[in-house]
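*Asks:* Here it is, the structure, as structure tokens.
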């Protein structure tokens, strides 16, 4: 854990990568290139589905805002006449699949992000083999598959690729793992159809995305809501097991909240023991974390949902590309 935190500070804080990471980066670069060539040189290795496939992913380690974008994109495609479903590997869950989520599944089994997406009303299927999981969606009547975090899963054929970038951290130091945060070389961005930038300032033809959320929902009594301004001027514990916890902490501080941040690893499996706060202050957490904590939530725990906001012209362009 300490090593991972130290590396991330190097990735995004400037300075040269540790010398020991350089040969490993070269090896990783070779493996990534070889895997990509395997599918480009052998089209028969790529599984094409009978419906269009839109892949949403990133080329960096850590959260960039894919889940809110997937939910927003699914809703926008429904408005444009499609019946979308989401396919995911189900990272962090024990279920290997293929499995079609019911909406009441335990996130420990199916993963936190698939659970959160399913609770938005979108059909979701998970599986280590994404093409097989996607067929479960098609069997239910979906005529469009959105693949969550699938840029590097070349076996699944795709019609549109969308890469999401953290607008604050961008691509870090630009190095591949473990010398930097990149899963694939930065040149991969030239191959995707759209680059969506979450926060910060987009460059060139990049699409701007913002996350909006100013209301907290009580986890013990979901009928109770409160604007984040109600928490201003007093301390609150902020819990985040996401790729970039500081983004969540900063967003709360912007509302005048005295944040006591508690960062956890991405996809952390929360237990009651992670919440030993004896001061009685409210606890605020992301929706992604809250989905794993509902069973033992206390009256002073609140989730802070967000929604992705993008230009309508972006959704129109994606729909047009799908139809073509």
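Taken together, the values in this text are just the output of simple stated rules run on the coordinates, not laboratory data. The shown structure was predicted, so the numbers you read here are calculated from the model rather than taken from an experiment. Don't worry about glycine lacking a Cβ; one is built from the backbone with ideal geometry, like all the others, and counts go over all protein chains shown.
*Asks:* Of the peptides 288-296, 34-42, 109-117, how do they stack up when ordered by the mean number of other Cβ atoms within 10 Å, highest first?
*Replies:* Top to bottom by mean Cβ count within 10 Å: 109-117, 288-296, 34-42.
*Asks:* May I pose another question? Using only helices, what value at 222 nm comes out for the chain when you add -39,500 (n - 2.57) per DSSP H run of length 4 or more and divide by the total residues, to the nearest 500 deg cm²/dmol?
*Replies:* So the helix-based figure for the chain works out to -8500 deg cm²/dmol.
*Asks:* Here's something else I'd like to know. Go through 91-97, 81-87, 198-204 and give me the packing order, highest mean Cβ count within 10 Å leading.
*Replies:* Packing order, densest peptide first, comes out as 81-87, 91-97, 198-204.
*Asks:* Cα atoms only: what Rg and Dmax, in Å, come out for region 214-305?
*Replies:* 11.8, 31
*Asks:* If you don't mind, there's one more thing I want to ask. Measuring from centroid to centroid over Cα atoms, what is the spacing of region 163-239 and region 273-295 in Å?
*Replies:* 21
*Asks:* Follow-up question, since we're still on this one. Where a ≥ b ≥ c are the square roots of the eigenvalues of the C-alpha gyration tensor, would you call region 1-92 rounded, which needs a/c under 1.5, or, failing that, prolate if a/b is larger than b/c, or oblate? Intermediate results must be reported in sequence, preceding the final value.
*Replies:* On the way: a/c = 3.33, a/b = 1.51, b/c = 2.20.
Oblate, since a/c reaches 1.5 and b/c is not below a/b.
*Asks:* What span do the alpha-carbon atoms of region 34-81 cover on each of the three principal axes, reported in whole Å from largest to smallest?
*Replies:* 37, 31, 9
*Asks:* State, to one decimal in nm², a quarter of the convex hull surface area for the C-alpha atoms of region 264-324, i.e. the direction-averaged projected area. Before the final figure, lay out the partial values.
*Replies:* On the way: hull surface 26.4 nm².
Directional mean of the projected Cα hull area for region 264-324 stands at 6.6 nm².
*Asks:* Another question about this same structure. Sort largest first and round to whole Å: the equivalent ellipsoid semi-axes of region 144-227, each the square root of five times a Cα gyration tensor eigenvalue.
*Replies:* So the three semi-axes of region 144-227 are 30, 18, 15 Å.
*Asks:* Now, a different point. For residue 16 and residue 45, FRET efficiency with R0 = 51 Å and r from the beta-carbon atoms, rounded to 0.05?
*Replies:* Between residue 45 and residue 16 the formula returns 0.85.
*Asks:* Another question, if that's okay. Taking region 86-146 as the region of interest, what is the percent of Cα-Cα pairs per 5 angstrom bin, listed from the shortest bin to the one with the maximum distance?
*Replies:* 4, 23, 36, 26, 10, 1
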